[in-house]
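Note sheet for the following structure.
The values are calculated or read from the model by the stated rules, or taken from the named source; none is laboratory data. Remember, it's a predicted structure, so these values are computed and weren't measured experimentally. Because the Cβ atoms are built from the backbone with ideal geometry, glycine has one as well, and the counts that use them run over all protein chains shown.
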Amino acid sequence: MSHDLGFWTLQALNALQLSMLLFLLSIGLTVIFGLMHFVNLAHGSLYALGAYVAASLAAVGGYWAGFFLAPVAVAGVGIVLYSGLIRRMRKSGPMAQVLVTFGLIFALLDLTRIVWGDLALAIEVPALLDGRVALLGVEYPTYRLFVIALGAAIFAGLAFVLGRTQIGAMIRAGVDNDAMAACLGINVERLFFIVFCVGCALAGLAGAVAAPLLSVTPDMGLQILIPTLIVIVIGGLGSLRGAVAGSLIFGFVQTFGAVLAPQLASVLIYALLAAVLVIKPVGLFPAKG
Amino acid sequence: MKRAILAALGLATGLAVPASAEEEIKVGLLLPFSGVYAALGNDIEAGFTTALEQFGADAPATFEIVREDTEVKPPVALGKAKKLILQDKVDVMAGIVSSGVLGAVRDMVHGAGVPLIVANAGNDDATGTACSPYITRMSFSNGQVNRPMGQWMYDQGIRKVYTLAPDYAAGRQMIDGFVQTFTAAGGEIVGQDFTPFQKTQDFGPYMAQAKSSGAEAVFVFYAGGEAISFVKQYDSFGLKAELPLYGSGFLTSPLYVNAQGPAAEGVITALHYVPTIDSPANAKFVAAFQAKTGRIPSEFAVHGYDAGRALVEAVKAGATDRESLANALRQVRFDGPRGALSIDPATNNIVQPIYVYETVAGEGSLTQKVLAQLPAEADPVNGCEMAAPVSN
């Protein structure tokens, strides 16, 4: 089988698209962990919830209603979770946190089944983003390009907020040493709360963005959880750069693995994960130097 | 979940014959009511009860149904099967969606001598090397659904095909069934990929491979969420026009074809049932199922319906206990919504016609246009050594 340049361009775009989808998910998870030292395994469920809310809203008000309102709705759920559960769990150690959020996965899974049923839902791609555009000599679906652009925009936005603004400086201070940050007059609790909500909103956004590409099923949150965890472990817990690097590595290894070594496609990424854990257990770009 | 539902189906017969003369047949329904296949379990159960309502009155017995949820987990299902057999002492069991679950309960069922009507699980081996006189399959086998498609596609002038399927037993058996007959007819498989099962979010890489392979068509098997993702992504790359999409009919099942939307239009697949089959038996079934659930019946619903019908037929033939039911079930034959059905005595697998259909836009939703009805063929014996037929 001979592959021309167009083929590799197409695959590179595919890899980029998958990376950006994973980035939207993993950034929320990794920042929550970095700042709060809190492992939220239910992050995938929030993503599924975002997809379901978007599907319901899209049926009523079109795609963009789902796109803009699903993150808000999921952030709302995040607020309930935070005030009802997570604030209490803050001091109870990682084991208890993992167990509670693991249980939450199943509670939310059954909740989506009760509300939306067992049949898969779907969203149509909006007319504006339907079709394909010619790019670098290949025809590529517009919606996939939109996902890539959105991921890049969110990354730029977060990089700016974290690196150049006062609230970003406060968050970085909180990640480095929360006790010292609190001594300096930063309301760390409120900061945590805001970051948690933003993380949830990004998970909801990822769900809304993924829904037209994939199908909306109750177990979609579980399916995406492992890739997301791999991304943040490879990239380094708690860092923006790590989330981007991890997502890109995952996307490219997965895509080109499927092309070049299809028999190994499902193993490659785990092998890489193991290698990273052995050689650099803190990840490639850890938040703290 | 110990919900025992007393089906008040014997009422009609109760008027005809004295109540004291009546047998009660206890049926254990072993289906996933939670987990990834919950939608399938619900459809099969609705089909099963529809059949008992429609035909149960003719049988000289009443039916009591005990439902158990397998959760699509083999160990859970084995526990539930034990409970049904030893504690509830059911006369017959029906259901089983996942082939993994079927594999787990097979020895238990065979050893205890409890007849099991398989209402979905399509693993070729279940009516092959692992066949049992107590296990009768009223659904399909993976190879059976796809085998006729090889010759048919060759007859349409297609010579080079690329295949794609998830990397697990069913995916491989479905594709093998097609590849065997397509290459035997003279066609060529120019490439094959098996994608990591339920771990593949993006099918884009595989589609680009298929596109650059020089194939004239793509033949795939995907089901459920993966089927929806695949069909939508295939369409988003604009591949449908240059590289027509064919496959196993589960790809565009009525259960979720509307989630695929316009992306599914023009996809041509083969399956043992579509709701648009033009026959009085099917019209009656579709009307009854829609009245009950408000949905168009899927192939899963018809598995449940025919499993229920087979049970009624077996009871009508005089079967009353485990032994006689097992014997009668493997001899049932009737005209159902799918056409003329019978059981192959060599394997206990169903023999049924296969329908080639195209998914087309209908009034407000997608519908199935039957292109061809391919004749019923018994599966190859495939290593099955059927123990001496159960005697009465």
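Figures for the structure shown
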| read-out | value |
| --- | --- |
| Unique match (being in a loop (DSSP other than H, G, I, E, B), crowded, with 24+ Cβ neighbours inside 10 Å and either touching a Cys at 6+ places or on another chain (Cβ under 6 Å) or of a type in the set (A, V, I, L, M) (or both)) among B:301, B:319, B:387 | B:319 |
| Helices (runs of 4 or more DSSP H) fully within segment A:166-235 counting 3 or more residues that are crowded, with 21+ Cβ neighbours inside 10 Å and either modelled with pLDDT of 90 or more or of a type in the set (Val, Ile, Thr) (or both) | A:188-210, A:220-235 |
| So residue B:366, is it aliphatic (A, V, I, L, M), in contact (Cβ under 8 Å) with a residue 40 or more places away in the chain, within 16 Å of residue B:258 (Cβ to Cβ) and touching a helix residue (DSSP H, G or I) at 6+ places or on another chain (Cβ under 9 Å) | yes |
| Close pairs from segment B:112-141: first over 18 Å from residue B:383 (Cβ atoms), partner part of a strand (DSSP E or B) and of a type in the set (Gly, Ala, Ser), Cβ under 6 Å, at least 6 apart | B:117/B:94; B:119/B:94; B:119/B:95 |
| Residue selected from segment A:1-52 under the condition among the hydroxyl-bearing types (Ser, Thr, Tyr) and in a helix (DSSP H, G or I), by the criterion farthest from residue B:234 (Cα to Cα) | A:30 |
| So residue A:50, is it among the small types (Gly, Ala, Ser), surrounded by fewer than 22 Cβ atoms within 10 Å (Cβ to Cβ) and either free of Cβ contacts under 8 Å to residues at least 24 places away in the same chain or within 24 Å of residue A:126 (Cβ to Cβ) (or both) | no |
| Candidates B:250, B:219, B:194 - the one that is aromatic (Phe, Trp, Tyr) and surrounded by fewer than 22 Cβ atoms within 10 Å (Cβ to Cβ) | B:194 |
| Subset of segment B:289-347 [touching a Ser or Thr at 6+ places or on another chain (Cβ under 6 Å) and free of Cβ contacts under 8 Å to residues at least 60 places away in the same chain] | B:333 |
| Residue match in segment A:15-27 (condition: closer than 19 Å to residue A:192 by Cα, touching a Cys at 6+ places or on another chain (Cβ under 8 Å) and surrounded by 22 or more Cβ atoms within 10 Å (Cβ to Cβ)) | no |
| Positions within segment B:185-231 being within 7 Å of chain A (Cβ to nearest Cβ) and under 16 Å from residue A:17 (Cβ atoms), in sequence order | B:201, B:202, B:204, B:205, B:206, B:208, B:229 |
| Residue among B:177, B:122 that alone is in contact with a strand residue (DSSP E or B) (Cβ under 9 Å, 6 or more places away or on another chain) and in the same structural domain as residue B:197 (by TED's automatic domain parsing) | B:177 |
| Test for residue B:277: is it among the aliphatic types (A, V, I, L, M), outside any helix (DSSP H, G or I) and away from chain A (no Cβ under 14 Å) | yes |
| Matching residues, segment A:240-268, being more than 10 Å from every other protein chain (Cβ to nearest Cβ) and either surrounded by 19 or more Cβ atoms within 10 Å (Cβ to Cβ) or modelled with pLDDT of 90 or more (or both) | A:240, A:242, A:243, A:244, A:245, A:246, A:247, A:248, A:249, A:250, A:252, A:253 |
